[in-house]
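Encoded as structure tokens, the structure appears first; notes follow it.
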Amino acid sequence: MTEKRACTGPLDGIRILDLSSVVMGPYATQILGDLGADVIKVESPSGDNMRAVGPMRNPGMGAIYLHLNRNKRSAALDLKTADGREACLELARTADVLLYNTRPQAMARLGLDYDAVAQANPRIVYVGAYGFGNRGPYAGKPAYDDLIQGMTGIPALYQLNSGDVPRYAPLTLADRAVGMHVAIAMLAGVLRARASGQGQAIEIPMFEAMAQLVLGDHLGGQTFEPPAGPTGYARLLVHHRRPYATANGYISVLIYNDKHWSRFFQLIGRPDLQADPRFITHTARARHIDEAYSLVAGILADNTSEYWLQALGKADIPAAPLYSVDDLIDDPHLRQVDMLQPLQHPSEGAMRTPAPVGSYSKTPLSIRRHAPRLGEHTQEILHEAGLRQELVDSVLKQTGIQTKQQDEETP
């Protein structure tokens, strides 16, 4: 892949200093990088932990890392040293946003708290994305995706729905859901800073963000004072809210509004059920959702997936095949829209990666840069920021990145 140096997306001209690692922060900055922002990924000499998670062709270039860090440049800095801290503050002078996802106490120990960074650049948007808000009793506690899923009731909801043991969602759900909040917060902060000339500190805690997501669906009767009933959105918790078994597999079906149900009853030869008090209105069905979904489950089991997909499609009732991840890769729609884009990475060779999301008629999105090798752009970035050569040389020596890359490139 040949790197395209010019930014072409709608965020061209915004610079983000990204001190985050693992998934949540890098996902947020990749979204903005895909939109054209100049993202400088600041890594320790040992690199982002996700570099070590395989599969991989070369050490430090794991698959998930590659999918989280395109459209970025990497600068290796040892922030525990005086020179590394000075270099970071110099980079902050040129940035619109500084993002970090360590605990605020750790940033203070490094001398990179908001007051220190704002002194270098009063317009900076200083965004902390970490486990728990600083005003609560959990402030400063460590947090990871699994812990936050557990604390916000997601495994318990799985148990209620399935009757099985509690389970985490098999995705980095909290990291990616909260990462989108982080991306929005960075943009909101930049808009305000450019309008007012003043930056600010922003906090996006995982626990609170995921609690909002879960409670938005499941606060239920506890919405009201006094409570009007228990917590929970019944439709999401009933046993049959899952892919329906057919005679030869499974399909996904959502018979949702009055029109859908009327067409379904006609399709199965039971128009009389339209007058059934349990199913006659949306509100009635919500009260009897388990019975409604049980009825559908019993009927769909009597014929094949192919039959039902054709019949439901003809009746304009939402239905879809049940995919595995392998099926998703081969989906004809995703192939047509180039969801998986082929790349030629300078060290990893031929690969493919999920495309940026969305289509912009005036400022098209692109993958301008490959996911960088550790410290690949350190010297370039420090020179751009106008650091004196003595400091650049010291930083490179402390990290050893330049020497390592020279050794790797020696035939």
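The values are calculated or read from the model by the stated rules, or taken from the named source; none is laboratory data. Computed from a predicted model, the values in this text were never measured in an experiment. For neighbour counting, all protein chains shown are included, and Cβ atoms are generated from backbone atoms with ideal geometry for every residue, glycine included.
Applying a threshold of 7 Å to beta carbon distances and a minimum spacing of six or more residues, or different chains, the list of pairs starting in the stretch 369-395 at a residue that is under 13 Å from Val39 (Cβ atoms) and at pLDDT 95 or above and ending at one that is among the hydroxyl-bearing types (Ser, Thr, Tyr) and assigned to a helix (DSSP H, G or I) reads Ala371/Tyr65.
Could you count how many residues in the stretch 311-345 are part of a helix (DSSP H, G or I), within 20 Å of the chain's Cα centre (by Cα) and closer than 26 Å to Arg51 by Cα? Total meeting the criteria: 3. Within the stretch 195-204, none of the residues are farther than 30 Å from Gly36 by Cβ, in contact with a helix residue (DSSP H, G or I) (Cβ under 9 Å, 6 or more places away or on another chain) and of a type outside the set (S, T, N, Q).
Scanning the stretch 194-245 for residues that are hydroxyl-bearing (Ser, Thr, Tyr), touching a strand residue (DSSP E or B) at 6+ places or on another chain (Cβ under 9 Å) and loosely packed, with under 15 Cβ neighbours inside 10 Å gives no hits.
One line per residue, one yes/no per condition, for (1) assigned to a helix (DSSP H, G or I); (2) out of contact with any helix residue (DSSP H, G or I) (no Cβ under 9 Å at 6 or more places or on another chain); (3) hydroxyl-bearing (Ser, Thr, Tyr); (4) surrounded by 13 or more Cβ atoms within 10 Å (Cβ to Cβ):
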position	(1), (2), (3), (4)
Trp261	yes, no, no, yes
Ala286	yes, no, no, no
Tyr293	yes, no, yes, yes
Gly298	yes, yes, no, no
Trp308	yes, no, no, yes
Ser347	no, no, yes, yes
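Among the criteria (1) under 28 Å from the mean Cα position of the chain (by Cα); (2) assigned by TED's automatic domain parsing to the domain that holds Val127, the one Leu219 does not fulfil is (2). Kindly provide the set of residues from the stretch 85-109 that are touching a residue at least 24 places away in the same chain (Cβ under 8 Å) and either touching a Ser or Thr at 6+ places or on another chain (Cβ under 8 Å) or farther than 17 Å from Leu391 by Cβ (or both), ordered by number. Of everything in the stretch 85-109, those that are touching a residue at least 24 places away in the same chain (Cβ under 8 Å) and either touching a Ser or Thr at 6+ places or on another chain (Cβ under 8 Å) or farther than 17 Å from Leu391 by Cβ (or both) turn out to be Ala95, Asp96, Val97, Leu98, Leu99, Tyr100, Asn101, Thr102, Arg103, Pro104, Gln105. Might you let me know whether the stretch 36-49 holds any residue that is outside any loop (DSSP other than H, G, I, E, B), assigned by TED's automatic domain parsing to the domain that holds Leu99, over 13 Å from Asp18 (Cβ atoms) and under 16 Å from the mean Cα position of the chain (by Cα)? No, that holds for no residue. Restricting the first member to the stretch 37-55 and to residues that are in contact (Cβ under 8 Å) with a residue 60 or more places away in the chain, and the second to residues that are assigned to a helix (DSSP H, G or I) and surrounded by fewer than 19 Cβ atoms within 10 Å (Cβ to Cβ), the beta-carbon pairs closer than 9 Å and six or more apart or on different chains are Pro45/Gln398. Residues in the stretch 380-398 that are farther than 20 Å from Ile16 by Cβ and not hydrophobic (A, V, I, L, M, F, W, C): Arg388, Gln389, Glu390, Asp393, Ser394, Lys397, Gln398. Filtering Gly221, Gly216 for residues that are assigned to a helix (DSSP H, G or I), within 29 Å of Tyr144 (Cα to Cα) and free of Cβ contacts under 8 Å to residues at least 60 places away in the same chain leaves a single hit, Gly216. Looking at the stretch 87-98, is at least one residue at positive phi, assigned by TED's automatic domain parsing to the domain that holds Thr399, crowded, with 19+ Cβ neighbours inside 10 Å and not small (Gly, Ala, Ser)? So far as the stretch 87-98 goes, no, none of its residues is at positive phi, assigned by TED's automatic domain parsing to the domain that holds Thr399, crowded, with 19+ Cβ neighbours inside 10 Å and not small (Gly, Ala, Ser).
Criterion first (surrounded by fewer than 16 Cβ atoms within 10 Å (Cβ to Cβ) and not assigned by TED's automatic domain parsing to the domain that holds Ala28) does Gln266 satisfy it? Yes: the conditions hold for Gln266.
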